[in-house]
1. With labels modelled as points extended 7 Å from the Cα through the Cβ direction, what inter-label distance (nm, one decimal) is found for residue 262 paired with residue 106?
2. Report residue 112's accessible area, 1.4 Å probe, all protein chains in place, as a number in Å² to the nearest 10.
3. Take the Cβ-Cβ distance between residue 201 and residue 177 as r, set R0 to 30 Å, and report the resulting FRET efficiency rounded to the nearest 0.05.
4. Could you list, bin by bin from short to long, the percent of Cα-Cα pairs of the stretch 137-252 in 10 Å steps?
5. If each residue of separation counts as 0.36 nm, what is the full-extension length gain between residue 223 and residue 358 once their alpha-carbon separation is subtracted?
6. For the stretch 439-502, restrict the atom set to alpha-carbon positions and state the Rg and Dmax in Å.
7. With all protein chains present, calculate the accessible area of residue 422 using a 1.4 Å probe and round the result to the nearest 10 Å².
8. Take the Cα atoms of the stretch 215-269, find their three principal axes, and give me the spread along each one in whole Å, biggest first.
Amino acid sequence: MKRKKREAGGPGHRLLRVALLHRCRLHGPVTGLLPLISAVSGCLLLCLAVLSLLSPPASRGHRHIGLVRLSHSGSPDRLAHGLEAELISSPAAVFHVPSSGGSLSRDPWSSRLSDFFHGCSNASSGFLTADKKTQANRYLSIATSGGLNQQRTGITDAVVAAYILNATLVVPKLDQKSFWKDASNFNEIFDVDWFIQFLSKDVEILKQIPMKGGKVLTPHTMRVPRKCTPKCYLSRVLPVLNKKHAVQLTKFDYRLSNRLDKDLQKLRCRVNYHALKFTDSIREMGKTLVERMKSRSNHFIALHLSGNVMSSCRFEPDMLAFSGCYYGGGEKERQELGAIRKRWKTLHTSNPDKERRHGRCPLTPEEVGLMLRALGFGSDVHLYVASGEVYGGEETLAPLKALFPNFHSKESIATKAELASFSSYSSRMAALDFIVCDESSVFVTNNNGNMARMLAGRRRYFGHKPTIRPNAKKLYKLFMNRTSMTWEEFASRVRTHQIGFMGEPNEVRPGRGEFHENPSACICENQETKDLVPPRNTLDSGRVIKYVNSPANNTADQAAEDDQDLSDTEYIENGINNPAGRQWHPLPDFLKPEQPELLELFSD
């Protein structure tokens, strides 16, 4: 009976006991001890190996937002009061996201060289005024396309087109039937009287086409090509205008060349930055939202998450489906976005990994939060988020809220009653976000859509207020490999990749990119400080590489690569090749050139 009890330990214990007795007999108790220890260690390692094989593998079906672990302690409402986010990489993780932004050598709330530059859009002495060049019986009307910022582009360019044609401009008609289905008229979003009065010296503007012979003159409708040059307008539109006397240009968005002479570019700036003023009710509500944000903190960040219904390639279900991007949501995400894609039979099959690698997908909310922390913004920063429906809802936003618990939106800082007169109109709601984003200390976007470009150019014009656009192509690689490095290394690389994407003066070479994003013809250098502005290094090809005070360890090859990445994010005109000889297309590869309904969705 006793023998049975002694052997009850199992075959493993019996094997160790036999090995011990055998060693002791041969070598004595001391010399047999080391092999015993080795045998025990081997058994332990074997057990660990078996356990690791039996353990369930880590799920690959969760979005990247699952990488942020929230240290819950105390009440479940702790998320609203601030959480320290820690990135899971292994049981002994080295990638810990700090709650503080750290100490930086620069002020993250201002641009270093902004005092050296100012917006300038006055006409030159040789620019003819409206009373000297407007021809009788020439009336130009336009019908805009898309959402608020796309319409803003069309209105701006319509004024220039009227000037080119020596025509009287009729107050533009806003798109009321497209995806956004906003029934607002021009005078319900913009101050129409101010618009007419401010531009009176440049172009004659009427609220409607005058009657002729007791009858209303019906305009002839036509469409011009995208990026039509002044010569194009004179050859295509002017003959029709002379014959019909009134012409309406339809689907009018990006229908004017990006490259114009300096006076016409300055006219663009006068329209966009001065003449287009929101109505009193929109401006007053926008001012209230800004004041409420500033009452919470001296500085605040406004983040356009591409969830806003006015944006292109937004982080919203429809736009994620169109973009062809994939964010690690497993089979559920593939099925949901695949079902949406089936609504448009003309969409080509896309390669999600390729889209992300080439920087064509917006950053996820979590990735935006990590980028901001790496750029020096701590968890105490107040964040205003301009977005509509976000794919994944609160689950998607949770990591961003953990990193920046002072999380606000117009719905959270204003009552339903205050927003009642705006909430049924997508363009008016977008206008409120536009005002807050424009007045923010720092504006951040996770995409390069119309609102991002419009605000980037406006903030350059009015003092180069910091505007952060992600270098998505470079950051993608970094985000994919972040668990294999320390936070310090990750943050350093983010700051390096973001050089040239922070809204600093002269980041983009004059003439490059969409003019509304880079209004270089309307940015003047202060003469009294001209000699103080640091020069920029260039390669033999003449391409701008970096400021001389960029990090010294950047090689010329790395800088040249960064410059190429910058051109990849710019909205280059069709037909103009980038320095590497590749043609840049503003729409994803899987879209056909002529798909009006998709062009409409992607263009704002």
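The values are calculated or read from the model by the stated rules, or taken from the named source; none is laboratory data. Given the structure is predicted, the values throughout are model-derived calculations rather than measurements. Here the Cβ positions follow ideal geometry from the backbone for every residue, glycine too, while neighbour counts run over all protein chains shown. What goes into the accessible areas is simple: the full protein's heavy atoms, side chains included, and nothing from ligands, DNA or RNA. Shrake-Rupley method; radii C 1.70, N 1.55, O 1.52, S 1.80 Å.
1. 2.8
2. Near enough 130 Å² of accessible area.
3. Calculated transfer efficiency: 0.30.
4. Result returned by the calculation: 14, 47, 34, 5.
5. Here the answer is 45.3 nm.
6. According to the Cα coordinates of the stretch 439-502, Rg and Dmax are 13.5, 41 Å.
7. 10
8. 39, 21, 20
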